[in-house]
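Peer 1: Supplied in C-alpha cells, the structure appears directly below.
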Ligand code: UDP
Ligand code: MG
C-alpha cells in the first residue's frame with residue numbers, strides 16, 4: 001500500500017504540536033493508508049522539541065529532524081523531503097491554518113494520476129488589506145519576470161509524488177524558493193480549493209522585512225531580467241543624452257553660450273549617480289547569491305534525528321545527492 005509522508009516545518013510551535021497531531025492523525029487514520037509525520041524543528045526557542053520527542057515516543061510514526069539552528073521554512077521543507085520515505089509527501093503548516101481534511105482530496109487527486117497537487121486558498125480574506133495588496137503585486141511581478149505559470153495558485157500546502165521528490169532531492173541550489181521550484185520541475189499538476197483558517201495559537205513568523213527578502217529571493221533565483229534591463233536603461237539614457245547634446249549644440253550655435261546651467265547639470269549628475277547605484281545594487285544581489293552557492297555549504301545542519309532506521313550523516317546536503 002502506498003505510504004504517505006507528512007512534512008511539517010515547525011518554528012516555535014510548542015502549543016500547536018499536540019492539537020496538530022490530534023487532528024492530523026485522525027484524518028490520516030481515517031484515510032487508512034500507512035503514514036509517517038516528519039516534523040522538522042527549525043531551531044525553535046521554545047519547548048517544541050521536547051513535545052515532539054514525547055510525541056515520537058508515544059507514536060513512532062512521528063519522526064523528528066532537529067536542526068542546529070533556524071534555517072527558514074523553505075529549507076525545513078527541503079530537509080523533510082530528504083528524510084521522507086513515503087510514496088508521496090504532503091507538506092503542511094503546523095499552525096492548523098491548513099485544514100487537515102483537505103489531505104483526503106489531495107490524495108484522491110494523486111490517485112487519479114497527478115504528480116503534484118496544490119491546495120489553493122479560496123480567498124485571502126484572513127489577511128489584512130495591506131498584506132493582500134503587497135502579495136498581489138509581488139506575484140504579478142514574479143509571474144511577469146520569472147514566467148512562473150499559476151504562480152498565484154501555487155502554495156506550500158501540497159502533495160508531491162515520489163517522482164517529483166526525487167528531482168527535488170537532487171537540486172543542488174541553496175536558494176530554496178519552493179514555489180518557483182515546484183513550477184520549474186513541471187510534471188502533471190492539479191489543484192484543489194480550501195478555506196484558510198486563522199492561526200489559533202502562537203504568532204506568525206513573517207515580518208514584512210522577511211517577506212521582502214523572500215520576494216527578493218524568489219525573483220533573483222528565477223529571473224535574470226533585473227540584470228539585463230540595465231542594458232536597455234543604459235541605451236535609453238544614452239539616447240536621451242544624445243538628443244539633449246544635439247539640442248544644446250544647436251541652441252549654442254543659434255543663441256550663443258548661456259552661462260547658467262547649474263540646475264540641469266546637478267540634476268543630471270545626481271540622476272546618473274542614482275541609476276548607477278541601483279544597478280550596482282542589483283548586480284550585488286546576484287553576486288551575493290552566486291557567492292553563497294559556490295561556498296557549497298550544507299543546506300542545513302541536523303543536530304539529531306529521531307525515528308529513522310538508517311541514521312543520516314550530520315548535515316546532509318542536497319549536494320551529496322548529486
Ligand atoms: N516556519 C519554519 N521556520 C521559520 C518560519 C516558519 O519552519 O523560520 C514554519 C512555521 O512553524 C509554520 C509554517 O512554517 O509551521 C508557516 O509559518 P507561519 O504560520 O508563521 O506563516 P504564515 O502562515 O503566517 O504565512
Ligand atoms: Mg501560518
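The values are calculated or read from the model by the stated rules, or taken from the named source; none is laboratory data. Fair warning: this is a prediction, and the values are worked out from it, not measured in the lab. With ideal geometry, Cβ positions are generated from the backbone for all residues, glycine too; neighbour counts draw on all protein chains shown.
Peer 1: Could you tell me whether any residue of region 11-20 is surrounded by 18 or more Cβ atoms within 10 Å (Cβ to Cβ) and within 18 Å of the chain's Cα centre (by Cα)? Spell out the reasoning first.
Peer 2: First pass over region 11-20, keeping only residues surrounded by 18 or more Cβ atoms within 10 Å (Cβ to Cβ): 11-14, 16-17, 20.
Those still in the list that are within 18 Å of the chain's Cα centre (by Cα) too: 11.
The answer is yes, given that some residue of region 11-20 is surrounded by 18 or more Cβ atoms within 10 Å (Cβ to Cβ) and within 18 Å of the chain's Cα centre (by Cα).
Peer 1: Related question: In region 8-33, which residues are touching a strand residue (DSSP E or B) at 6+ places or on another chain (Cβ under 8 Å) and closer than 15 Å to residue 110 by Cβ?
Peer 2: Listed by number, the residues that qualify are 28, 31, 33.
Peer 1: Does residue 140 count as at pLDDT below 80, farther than 16 Å from residue 189 by Cβ and in a helix (DSSP H, G or I)? Walk me through it before giving the result.
Peer 2: On the way: at pLDDT below 80: yes; farther than 16 Å from residue 189 by Cβ: yes; in a helix (DSSP H, G or I): yes.
Yes.
Peer 1: Moving to a separate point now. Quick one: residue 45 ticks every box in (1) surrounded by fewer than 17 Cβ atoms within 10 Å (Cβ to Cβ); (2) within 17 Å of residue 103 (Cβ to Cβ); (3) touching a residue at least 12 places away in the same chain (Cβ under 8 Å) except a single one, so which number is it?
Peer 2: Going through (1) surrounded by fewer than 17 Cβ atoms within 10 Å (Cβ to Cβ); (2) within 17 Å of residue 103 (Cβ to Cβ); (3) touching a residue at least 12 places away in the same chain (Cβ under 8 Å) one by one, residue 45 breaks only (2).
Peer 1: Evaluate region 205-218: report whether one residue or more is within 30 Å of residue 19 (Cβ to Cβ), without any contact (Cβ under 8 Å) to a residue 60 or more places away in the chain, within 16 Å of ligand 2 (Cβ to nearest atom) and surrounded by 16 or more Cβ atoms within 10 Å (Cβ to Cβ).
Peer 2: yes
Peer 1: Out of all the residues in region 108-118, is one or more surrounded by 20 or more Cβ atoms within 10 Å (Cβ to Cβ) and within 13 Å of ligand 1 (Cβ to nearest atom)?
Peer 2: There is no residue in region 108-118 that is surrounded by 20 or more Cβ atoms within 10 Å (Cβ to Cβ) and within 13 Å of ligand 1 (Cβ to nearest atom).
Peer 1: Right, next: For region 194-295, which helices (runs of 4 or more DSSP H) that fit wholly inside it have 2 or more residues that are within 16 Å of ligand 1 (Cβ to nearest atom) and within 30 Å of residue 46 (Cβ to Cβ)?
Peer 2: Working: elements: 208-222, 225-255, 262-294.
Hits in region 194-295: 208-222.
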